[in-house]
1. Gap in Å between the Cα centre of region A:301-316 and the Cα centre of region A:170-188?
2. Quote the FRET efficiency, to the nearest 0.05, computed for A:GLN3 versus A:GLU319 with a Förster distance R0 of 22 Å and r equal to the Cβ-Cβ distance.
3. Give, in nm to one decimal, the length gained when the segment between A:VAL478 and A:SER29 is fully stretched (0.36 nm per residue of separation minus the Cα-Cα distance).
4. What is the list of residues in region B:3-33 whose amide nitrogen lies under 16 Å from a point 7 angstrom out from the Cα of A:PHE515, following Cα to Cβ?
5. What is the Cα centroid distance between region A:394-451 and region A:325-346, reported in whole angstrom?
6. Counting only helical runs of four or more DSSP H residues, what would the 222 nm mean residue ellipticity of chain A come to if each run contributes -39,500 (n - 2.57) and the total is spread over all its residues?
7. If I model a spin label as a point 7 Å beyond the Cα along the Cα-Cβ vector, how far apart are those points for A:GLN361 and A:PHE15 in nm?
8. What FRET efficiency do you get for A:GLN585 and A:LYS114 if R0 is 22 Å and r is their Cβ-Cβ distance, rounded to the nearest 0.05?
Amino acid sequence: MTQDTLNFIFIGLSFVLYIGIAIKSRAGSTKEYYTAGGGVSPFANGMATAADWMSAATFISMAGTVALSGYDASRFLMGWTGGFVLLTILMVPYLRKFGKATVPDFIGDRYYSKVARGVAVVCAIFICMTYIMGQMRGVGVVFSQLFGIGIPAGVLIGAAIVFFYAGLGGMKGITYTQVAQYSVMAFAYTIPAIFIAIALTGNFIPQLGLVGEYTAGHSPVPFLEKLNNINIELGFQEYTSGKMSKINMFCITAALMCGTAGLPHVIVRFFTVKNVGAVRKSACWTLLFIAVIYLTAPAIGAFSRVNLIEKLHETPYAETPTWFRDFESTGQMAWVDKNGDGKIQYFGPARSAAGTSSVFQGKAPAYPAYDAPEKQRVGVNGERLLANKADETNPNELWFGNDIMVMANPHMAGLPMWVIALLMAGCIAAALSTAAGLLLVLSTSISHDLMKKIVKPGLSDKEEMTYARFASFVALVVAAYFGINPPSAFIAKTVAFAFGLAASSFFPTLLIGIFSKRMNKEGAIAGMLCGITFTIGYIIYFQFLGGIKEHYFLGITPEGIGFVGMLINFSVAFAVSKFTPAPPQEVQDMVENIHIPSGAGEASNH
Amino acid sequence: MNNDSQKPYQRTCLKIVFSLLAIWFFVSFGCGILFRDWLDANAPPIGNAPAGFWMAQQGSIITFVCILVVYAALMNLLDAKHGYSEED
């Protein structure tokens with residue numbers, strides 16, 4: 001049986017499972033469509049939220065980022081898990097008590113204003129749209145590799161599947177599908193890690209292997225010490241110490257945490273459980289399930305770095321493993337024989353006088369056309385030649401995409417074919433589950449917050465559902481369009497954008513809305529607008545208008561500026577609310593009331 | 001409105017929230033970022049990993065999970081004490 005057949009079988013089986021679940025649990029009413037009728041068990045909701053939260057990008061490229069930047073990648077590990085502490089302790093129990101289906105709903109009611117609701121809807125749509133584009137792209141890339149079709153066709157297949165169960169099944173459909181998807185992802189992520197941990201460290205728990213000894217060499221040495229030595233020898237920074245400044249590290253981690261706590265598609269997940277007590281339990285499960293993957297990522301990153309260097313550095317091209325040639329042919333790895341010795345050399349910036357390590361000129365590899373003469377396409381060693389000019393300022397000859405570490409890992413470790421097939425299925429599960437969750441928030445924002453609450457208040461339950469399904473179709477078409485024609489580097493950059501936006505808009509506004517009775521609509525709207533405008537302005541200036549590094553505010557990169565935007569939001573909101581009238585009494589009572597966890601009105605009688 | 005039982009409830013609730021947030025800040029921003037160099041140099045290593053590095057990549061995440069477990073347990077107890085809990 002070939003690898004392709006096995007991939008087909010694994011992915012096909014997983015699809016049958018997802019679609020079967022979606023049909024069995026499809027939604028019949030708007031309540032089921034938006035929040036699954038509020039009756040999901042904390043355990044199931046925890047799994048579903050974890051699947052929703054972990055996108056294809058997290059699944060595929062986080063370990064690769066850890067492998068490349070070592071300690072510096074901790075900002076993602078801490079940022080994307082620590083945010084759940086904020087979310088659970090400060091936000092979701094209160095929002096669940098408030099008992100509405102969406103985040104703009106809360107902002108609209110708490111700040112008694114259609115303008116506030118409108119701003120919130122726009123933010124929600126923008127955040128979700130940015131995210132879902134990346135997911136559709138991810139699905140397309142995986143499908144195209146799998147079936148040997150073009151990326152556009154891959155995106156369309158993915159979009160059709162997502163529409164089938166998210167658009168039709170609503171929250172109830174996707175919640176139970178996501179439970180299955182989480183299980184696939186967890187196995188797909190941890191099983192290869194366990195095999196590799198055994199091979200490299202003799203310890204079957206990857207996390208213990210990471211702090212244990214490297215036993216694959218002649219004599220056992222501490223694993224991280226070996227990794228540090230390799231890195232320094234080849235001219236990279238020490239693996240366990242970073243080169244990022246403390247203030248930047250701090251701001252990015254904070255922006256990711258606060259952004260996580262302000263992401264609408266994560267918040268709404270907690271509206272699906274029965275009561276406030278169940279929300280708290282559900283959050284524990286969620287973080288636990290996420291931690292399973294996030295604790296494994298640093299181990300995978302470190303292992304694959306050692307594996308990659310051991311397998312490729314100073315290896316003659318003729319003796320490279322087959323997986324290297326496979327990745328070369330798909331354009332995810334490339335080798336330029338600068339010194340003409342027929343061996344691959346991999347070096348970091350410290351090994352060149354110019355302090356560079358790029359293999360070729362330009363950002364991505366480009367290849368000669370298929371009908372070019374063979375001499376332009378194939379080198380003397382049989383390698384695939386690039387159209388890019390070699391960068392002769394440094395001796396580094398090996399280029400690879402950031403995303404291949406997880407995918408290449410099982411190949412590198414020589415794992416059985418079914419592990420690789422499982423990984424493929426896991427990757428697709430990650431992309432589909434996130435895309436489905438986002439699609440749902442997008443469609444509710446449009447049908448519920450925009451149509452029912454602002455444009456056409458007299459909408460019946462049934463009409464609202466039709467709008468929701470129609471909106472999810474339109475949103476998906478737009479997302480698929482951008483998945484096929486990504487605005488170049490835009491998508492990768494807008495990840496920071498979406499988090500910055502959530503951190504500087506939703507997070508402070510929700511937080512003050514919950515904990516301050518005095519905050520009025522003027523303060524909230526002014527704060528949201530100032531926070532967002534500052535963050536967007538900073539990001540656009542430095543990412544798209546050619547602002548230079550030397551002008552960064554306190555050396556903070558655009559990734560971390562959402563934290564500063566958040567502080568601005570807080571200060572402006574408090575300042576403005578000091579000089580404007582207090583909110584009406586019923587709003588103040590409402591704030592008082594959401595702090596009592598049990599059912600509204602009955603609380604004082606018990 | 002029954003303000004007599006609400007006030008102590010809210011006070012205890014905030015106390016729980018702030019103590020847990022202090023731990024949250026200490027393990028992530030503290031151990032993982034601000035005092036990492038000091039920990040790497042002075043604290044005993046975790047296995048073969050420098051303590052600060054380990055806190056940033058593993059320890060903080062493990063602590064986060066513990067924080068949420070403690071939060072759920074304490075809050076659900078507090079709810080029961082004040083008669084706010086509901087059947088699951």
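Rule-based calculations on the coordinates, nothing more; no lab input. Here the structure is a predicted model, which means the values were calculated and not measured. Positions of Cβ are generated from backbone atoms using ideal geometry, with glycine treated the same way; all protein chains shown enter the neighbour counts.
1. Cα centroid to Cα centroid, the span is 34 Å.
2. The computed FRET efficiency comes out at 0.50.
3. That works out to 159.0 nm of additional length.
4. Within reach of a label on A:PHE515, which here means backbone N under 16 Å from a point 7 Å along Cα→Cβ, region B:3-33 contributes B:10-26.
5. Spelled out, the Cα-based centre of one part sits 25 Å from the other.
6. Here the helix-only value at 222 nm equals -21000 deg cm²/dmol.
7. 4.5
8. 0.65
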